Amino acid sequence: MKIKYRVGKGNFRNIEEGFEREWLMGNGLGGFSNMSVTGNMARIHAGYLVASLNPPVDRIKILAKTDESVKLGDEVFDFSCQMYEKKDNTCGYKLLEAFEFDGVPTYYYRANDFRMTKSIALEYGSNTVAVCYKVRTGNESAWIKVTPLFSGRDNNLAYEKKEDVCLCSDVNGKILSVKNENDDRFVINTYVSDGEFVIRDDSKDSPVIIDDLKYSIDIRNGFDGTDYLYASYDIMVNVPKETTCSFYIICSADVIDDNGNVISNVASKDGFKIVEAVRKRALELEKGVKVQDEFAAKLALAADPFIVDRKSTGLKTILAGFPWFTDWGRDTMIALTGLTLCTGRIKDNEEILESFSKYEKDGLIPNMFPSYAKEEPIYNTVDASLWYFYAVYKYLEYTGKEENYEFIHDKIYGVLCSIIENYKKGTLFSIGMDEDGLIHAGSDYDQVTWMDVRVGEWVVTPRHGKPVEINALWYNALKVMEMLAKKYGDDDRQYGELACKVAESFNKKFWNEELNCLYDVVDENDDKIRPNQIWAVSLPFTMLDADKEKKVVNTVYEHLYTPYGLRSLSYRDDEYKAQYIGKLHDRDAAYHMGTTWAFPSGGFITAYLKVNNYSKEAVEDADNMCKAFFDHMNDGCLGGIAEVFDGTTPCTGNGCYSQAWSVGEILRAYVEDVALHLQEAEKC
């Protein structure tokens with residue numbers, strides 16, 4: 001099937017409505033392309049080409065976008081769309097008839113009897129974008145003006161003042177070259193297949209700097225700065241009347257080597273072939289998913305931008321979320337099954353497992369890789385290493401051939417042994433095993449679970465001690481090791497005996513009889529009702545009896561469930577925060593104190609079906625839980641699933657507009673737990 005999102009004028013009646021829907025493409029390197037469906041930039045991160053100079057990091061915003069206008073006789077029609085703080089907005093959305101996204105975003109414009117479509121496509125495996133135009137004129141000839149708007153800055157840092165824009169340009173035939181005088185790593189080369197570059201009248205004496213940009217989504221989240229773009233040349237194309245034609249722009253971030261040389265092949269590329277290749281790739285991704293229906297196909301397409309190269313290992317990795325996250329250990333291991341195994345990308349799965357194995361240190365898998373290649377990984381996480389066992393188990397569950405066990409033995413098993421031994425004897429960040437067999441972690445200002453916000457010296461969600469999901473994961477890890485040790489002829493009894501001890505201690509210490517659920521942290525018992533307990537039911541190896549598992553799921557359902565995820569704290573708690581909005585301090589205060597998170601829905605759906613014995617009614621319920629995200633994928637970032645939502649009345653996505661573990665866990669739960677049982681029910 002061919003997946004296509006279509007957005008009509010009813011979705012952008014005014015400029016404010018238009019920026020709420022966005023699209024996203026990735027290039028497999030960590031670079032990406034993102035914009036609203038009306039062409040209005042609502043974020044400092046939005047752009048047609050955000051390049052990764054050192055995959056998947058060192059991301060630079062290269063080409064912000066292109067603005068277009070057409071002159072028909074004496075009339076000029078402006079297709080550009082942008083909100084400004086003080087200047088008049090440009091309202092090209094009024095001439096936009098429709099927008100479509102099928103892996104390639106396409107804008108459909110009309111002015112009188114003149115028609116133009118604009119498609120944008122990233123070349124996979126390259127920091128290159130193609131902007132392709134198809135034009136049909138009517139009774140009058142047309143002068144089309146295309147203005148490339150360049151940025152050339154760190155993608156996370158908007159320019160604070162006009163003087164910060166240190167770009168310069170020159171034209172050589174059909175190639176415009178733009179350099180950043182303060183960054184000698186790259187040059188921006190732009191090729192046009194038709195027309196010519198014409199210096200803008202207002203830039204002959206000094207560069208034209210576009211200012212006063214209004215980034216509405218960022219403003220909603222507390223951003224109070226500004227930004228600037230560089231535009232020194234227009235591209236002018238003349239089209240005779242009653243003519244159909246096409247042309248394209250190719251823009252690349254070309255690396256400057258140590259000798260100051262640049263190799264650019266923008267002039268040799270065909271923009272429409274890049275578009276065709278992206279669409280073909282989208283169809284192949286849809287075919288790879290294990291369940292062939294529209295929802296699964298859309299999720300498979302949404303999964304692709306997260307899977308990227310890591311130059312330091314020469315292998316694949318997973319970006320945690322767009323537009324700002326790099327690769328995080330915890331997020332990767334949670335998202336991995338859905339993003340790769342459910343989509344048939346077994347080789348990518350193996351590379352990602354191996355990639356993270358190369359960075360194991362003192363039993364810890366990196367919490368995160370920084371945004372810049374020169375910086376070292378950060379290891380402040382207790383759960384990334386334990387989720388690694390889960391990811392290994394799922395890999396073997398989906399593959400299970402002797403050669404797959406050999407891969408784990410040769411590449412991964414030694415790392416798993418190191419993790420277990422270091423957790424038993426104790427390692428960094430107060431992570432270690434107590435006499436009762438349970439794992440404790442965190443102290444002082446160290447936040448090492450996924451609820452890890454700290455504002456200065458304020459630890460918002462202090463979970464120091466023995467967190468519930470960490471010990472559920474610890475038991476699961478021991479059972480996985482028991483299985484692997486037996487397979488490889490090692491001493492499996494040590495892991496099995498310790499797992500029994502952990503199960504006994506867990507049941508004794510974590511069960512909260514009064515609330516019919518699990519304490520969030522022991523030994524100083526924290527009885528806040530949080531989603532972390534759901535993994536004590538949903539993981540492959542668990543410790544609770546069926547009655548307790550059922551009670552945990554029911555309690556989570558009552559207090560935490562929303563259509564777009566699980567609240568991070570019960571709405572009945574005195575400290576509950578209903579909204580995730582405002583400046584960073586305000587958002588951090590709510591981040592794990594009520595904010596709805598999409599990714600725990602995967603664990604909840606798995607647990608819900610398990611405790612209800614996969615009954616017909618339960619499967620139908622779970623299908624509806626998944627399909628709630630089907631609606632969300634037509635809103636916000638088309639095809640993506642956001643990181644977080646408000647706790648009360650969640651509807652608008654926030655945080656990252658598309659998050660790896662959100663997409664991965666919904667995809668996994670749907671493919672593993674819902675679609676399969678729906679098919680079985682239909683057969684009956």
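The values are calculated or read from the model by the stated rules, or taken from the named source; none is laboratory data. Quick caveat, the model's predicted, so the values are computed rather than measured. Here the Cβ is made from the backbone with ideal geometry for all residues, glycine too, and neighbour counts use every protein chain on show.
Of the residues making up the stretch 214-247, those that are under 16 Å from Tyr657 (Cα atoms) and among the polar types (S, T, N, Q) are Ser216, Asn221. Selection over the stretch 482-499 of residues that are loosely packed, with under 14 Cβ neighbours inside 10 Å and either small (Gly, Ala, Ser) or over 37 Å from the mean Cα position of the chain (by Cα) (or both) gives a count of 4.
Listed here are the residues, each with its yes/no results for (1) in contact with a strand residue (DSSP E or B) (Cβ under 7 Å, 6 or more places away or on another chain); (2) under 30 Å from Tyr84 (Cβ atoms); (3) polar (S, T, N, Q); (4) at pLDDT below 95.
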position	(1), (2), (3), (4)
Leu229	yes, yes, no, no
Ile235	yes, yes, no, no
Asp257	no, no, no, yes
Lys273	no, no, no, no
Ala277	no, no, no, no
Lys280	no, no, no, no
Val291	no, no, no, yes
Leu315	no, no, no, no
Phe322	yes, yes, no, no
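Out of the stretch 644-682, which residues are closer than 21 Å to Ala297 by Cβ and assigned to a strand (DSSP E or B)? Passing the criteria: Ser658, Gln659. Per the listing Lys287, Lys298, the residue uniquely outside the structural domain of Val131 (by TED's automatic domain parsing) and either surrounded by 20 or more Cβ atoms within 10 Å (Cβ to Cβ) or aliphatic (A, V, I, L, M) (or both) is Lys298. For the stretch 590-634, filtered to residues that are at negative phi, among the small types (Gly, Ala, Ser) and in contact with a strand residue (DSSP E or B) (Cβ under 7 Å, 6 or more places away or on another chain), the residue that is surrounded by the most Cβ atoms within 10 Å (Cβ to Cβ) is Ser601. Only residues that are out of contact with any Pro (no Cβ under 8 Å at 6 or more places or on another chain) and either closer than 25 Å to Asn155 by Cα or without any contact (Cβ under 8 Å) to a residue 24 or more places away in the chain (or both) were counted in the stretch 204-247, giving 27. Within the stretch 249-273, the set of residues being touching a residue at least 40 places away in the same chain (Cβ under 8 Å) and either among the aliphatic types (A, V, I, L, M) or part of a helix (DSSP H, G or I) (or both) comprises Ile249, Ile250, Ala253, Val255, Ile256, Val262, Val266, Ala267, Gly271, Phe272.
Report yes if some residue within the stretch 358-370 is within 28 Å of Leu638 (Cα to Cα), outside the structural domain of Trp661 (by TED's automatic domain parsing) and buried (at least 17 other Cβ atoms within 10 Å of the Cβ); otherwise report no. Yes. Just one residue in the set Gly195, Gly225 is touching a helix residue (DSSP H, G or I) at 6+ places or on another chain (Cβ under 9 Å), small (Gly, Ala, Ser) and either surrounded by fewer than 19 Cβ atoms within 10 Å (Cβ to Cβ) or more than 25 Å from Trp324 (Cα to Cα) (or both); that residue is Gly225. Only one entry of Glu360, Glu376 meets the criterion of being out of contact with any strand residue (DSSP E or B) (no Cβ under 9 Å at 6 or more places or on another chain) and modelled with pLDDT under 95, and that entry is Glu376.
Hey, could you check the stretch 86-98 for residues that are touching a strand residue (DSSP E or B) at 6+ places or on another chain (Cβ under 6 Å) and free of Cβ contacts under 8 Å to residues at least 60 places away in the same chain and say which is nearest to Met25 (Cα to Cα)? Here the answer is Gly92. Considering the conditions (1) touching a strand residue (DSSP E or B) at 6+ places or on another chain (Cβ under 8 Å); (2) over 30 Å from Val644 (Cα atoms); (3) not small (Gly, Ala, Ser), Val460 is excluded by exactly one of them, (2). Against the definition (more than 30 Å from Arg587 (Cβ to Cβ) and either assigned to a helix (DSSP H, G or I) or of a type outside the set (Val, Ile, Thr) (or both)), how does Ala499 come out, yes or no? Considered against the rule, which asks whether it is more than 30 Å from Arg587 (Cβ to Cβ) and either assigned to a helix (DSSP H, G or I) or of a type outside the set (Val, Ile, Thr) (or both), Ala499 comes out as yes. Within the stretch 614-643, the set of residues being touching a residue at least 60 places away in the same chain (Cβ under 8 Å), over 13 Å from Tyr564 (Cα atoms) and not in a loop (DSSP other than H, G, I, E, B) comprises Lys616, Val619, Cys637.
Determine if the stretch 99-115 includes at least one residue that is in the same structural domain as Asp212 (by TED's automatic domain parsing), among the hydroxyl-bearing types (Ser, Thr, Tyr) and more than 21 Å from Met25 (Cα to Cα). Yes, the stretch 99-115 contains a residue that is in the same structural domain as Asp212 (by TED's automatic domain parsing), among the hydroxyl-bearing types (Ser, Thr, Tyr) and more than 21 Å from Met25 (Cα to Cα).
In the set Leu315, Leu339, only one residue is more than 22 Å from Val448 (Cβ to Cβ), crowded, with 24+ Cβ neighbours inside 10 Å and within 20 Å of the chain's Cα centre (by Cα); that residue is Leu339.
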